[in-house]
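Reading through the structure tokens given below for one structure.
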Amino acid sequence: MRFSLIPGLLLTLIVLRVHAQPLPTARYWVSFRDKAHQTLRPTSYFHPAAQARRHRQHLPAADSTDLPVRLDYVARVQSAVDTVTLVSRWFNAVACRATPAQAARLRWLPGVRSVEAWPTHDLLPASRPAALARPLTAADRSLARRQTASLGGADFRQARLNGQGLRIAIFDVGFNGADQHAAFAHLRRRQAVVATYDFLRHTPDVYQGGNHGTEVLSCIAGQLPDSTYLGLAPGAEFLLARTEQMYRERYAEEEAWLAAAEWADRNGADIINSSLGYTDRRYFPEQMNGRTSLVARAAELAVRKGMLVVNAAGNDGDDPKWRTVGTPADGDSVLAVGGLDPDTYLHIEFSSYGPAPSKRLKPNVAAFGAAITAVPGGYSRTEGTSFSSPLVAGFAACVWQQQRNLSVMELFRQLQQAGQLYPYFDYAHGYGLLQARYFTAPAAAATAPTFDFVRQDSLVRLIIRAEAAFVPARTLPLFADSVQAVTPAGAAPVAAVGQEQARPVPPTPQPEEQVAPTPPAYLYWQLLDAQGNLLRYEVLEVTQRAVLRLPLARLTAGTRLRVHYKGYTETYSGQ
């Protein structure tokens, strides 16, 4: 009898132990039906800077997306699930962690419109090695000057434009050492960092987690010991938000991005810089449509509220499994910034390409994809479109300082028009490197033609006009799709996408006064279909007047040839 009780006792203990283990939870998004009886006093809820931003852009003081979520709806969800992780006014929703059984019961709660499960697959680390401080070389100091000079920094300085009066929110992984670094002493002196918050740890302390945010901030407002500014908007104010994990990407980060956007809106941000992107760890390329991801939809709402969202295009240009821009750079109203090689002023190999689905233009504009940045303990040279984006965010702040009453989409369009290639574009450079003189110089007369199309038998030839000077020959990369290459006459040799390419020899560093802030004069050409979609595009270096021959058979069914050279763009239809 004594021995017969032991197996039963063991079975009881095992059953009790199994029942004692907590059930696994997953992340869910719960949307509500209404905001009935909710009210808001905008003057109490919004910072005066936020109220002024909306007034300038003729936006309502508040709309239904600003109203609070009904507390009774939130309370019912809280009582039914493991944890509520986010309450979103903009989407009238909450994010929570719940078991499948709890999630099933949520669908029957009063006021619940839908319950969606986030995917639960494991995510791989998405970190990169942290940049380490090192002594700056002469080449580094040259790059530090050129990263702003290339955008026309001297023109902005002469016009006394430095972002003063603008609030820029930076969403990033952390801002290690930024509260003590000498590069930001001028910000501390005038208390220019007006608010901070860590949306992952729910604390105001953002000066931990990682260095990336410190580097990004320096590309807007950092300063070298010799007083060289590393960005264009040292006069702006800043909101620093930690939204990103250092080692693992999780959907919590997209929720944190949304929470930070609502916080930035309430606290008067004019510009959001987001050097972040989510790709194959969560999505398929065809989902980069500006409507699928939570962050893309949040970014579009931020723009509707009068904030310019500037986002890095991404660093997947040399990744054959992805290659295209990530989200939220895929949003139609998000200014996606690609990277340029500082040595060639052409697409830098890792910068993500467009187009976005439906052949939408991405990236929109470009800036250097390598920069000198502040890091804990000093400075370093760092690469990534993460630094192209803040260079453009600082540029945008100067423009908005000059034309304070522009609406956000008017600013968006003018920034695109300030690209040195405009109206030409391609999926590597967008509209090209931004130029401050577009805003600071008197309106220039139309650029005189620099080339002619000459039809000859079954070919169209492109002839450079005699007065257009040539640049020294050098091998350039080709940017195109899989269409068979046309061998152009008078062009430097090129290599097809995916093949080994000879990289140009970097120029010898020049003294500061000899550094040219404008890019070299390359010839850009492309084929477009009848709908304006790119079929092929290429960059050539001109070495003789007859630079391109194209069979007329390629220009059928509405296909057109468009060429840009030295500020002049023209299209040939073959009709």
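The values are calculated or read from the model by the stated rules, or taken from the named source; none is laboratory data. Being a predicted model, the structure only gives us computed values, none of them experimental. Don't worry about glycine lacking a Cβ; one is built from the backbone with ideal geometry, like all the others, and counts go over all protein chains shown.
Every listed requirement among (1) part of a loop (DSSP other than H, G, I, E, B); (2) surrounded by 23 or more Cβ atoms within 10 Å (Cβ to Cβ); (3) of a type in the set (Gly, Ala, Ser) is met by residue 302 save one, (1).
Residues of the stretch 376-390 that are surrounded by fewer than 23 Cβ atoms within 10 Å (Cβ to Cβ) and not hydroxyl-bearing (Ser, Thr, Tyr): 376, 377, 378, 381, 383. Counting only strands (runs of 3 or more DSSP E) wholly contained in the stretch 178-281, the ones carrying 3 or more residues that are crowded, with 24+ Cβ neighbours inside 10 Å, assigned by TED's automatic domain parsing to the domain that holds residue 334 and within 21 Å of the chain's Cα centre (by Cα) occupy 237-242, 271-274. Please verify whether the stretch 468-481 includes one or more residues that are surrounded by 16 or more Cβ atoms within 10 Å (Cβ to Cβ), small (Gly, Ala, Ser), at pLDDT 50 or above and within 29 Å of residue 142 (Cα to Cα). Among the residues of the stretch 468-481, at least one is surrounded by 16 or more Cβ atoms within 10 Å (Cβ to Cβ), small (Gly, Ala, Ser), at pLDDT 50 or above and within 29 Å of residue 142 (Cα to Cα), which makes the answer yes. Among the residues examined, residue 412 does not qualify as touching a Ser or Thr at 6+ places or on another chain (Cβ under 9 Å), within 23 Å of residue 522 (Cβ to Cβ) and not in a strand (DSSP E or B). Within the stretch 1-53, the set of residues being surrounded by fewer than 16 Cβ atoms within 10 Å (Cβ to Cβ), of a type in the set (Val, Ile, Thr) and modelled with pLDDT of 85 or more comprises 39, 43.
This table checks each residue for (1) in a loop (DSSP other than H, G, I, E, B); (2) among the basic types (Lys, Arg); (3) crowded, with 23+ Cβ neighbours inside 10 Å; (4) at negative phi.
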residue: 321; (1), (2), (3), (4): yes, yes, no, yes
residue: 329; (1), (2), (3), (4): yes, no, yes, yes
residue: 333; (1), (2), (3), (4): yes, no, no, yes
residue: 337; (1), (2), (3), (4): no, no, yes, yes
residue: 344; (1), (2), (3), (4): yes, no, no, yes
residue: 351; (1), (2), (3), (4): yes, no, yes, yes
residue: 363; (1), (2), (3), (4): yes, no, yes, yes
residue: 367; (1), (2), (3), (4): no, no, yes, yes
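Please note which strands (runs of 3 or more DSSP E) are completely contained in the stretch 528-575 and include at least 3 residues that are closer than 28 Å to residue 356 by Cβ. Hits in the stretch 528-575: 534-540, 560-565, 568-572.
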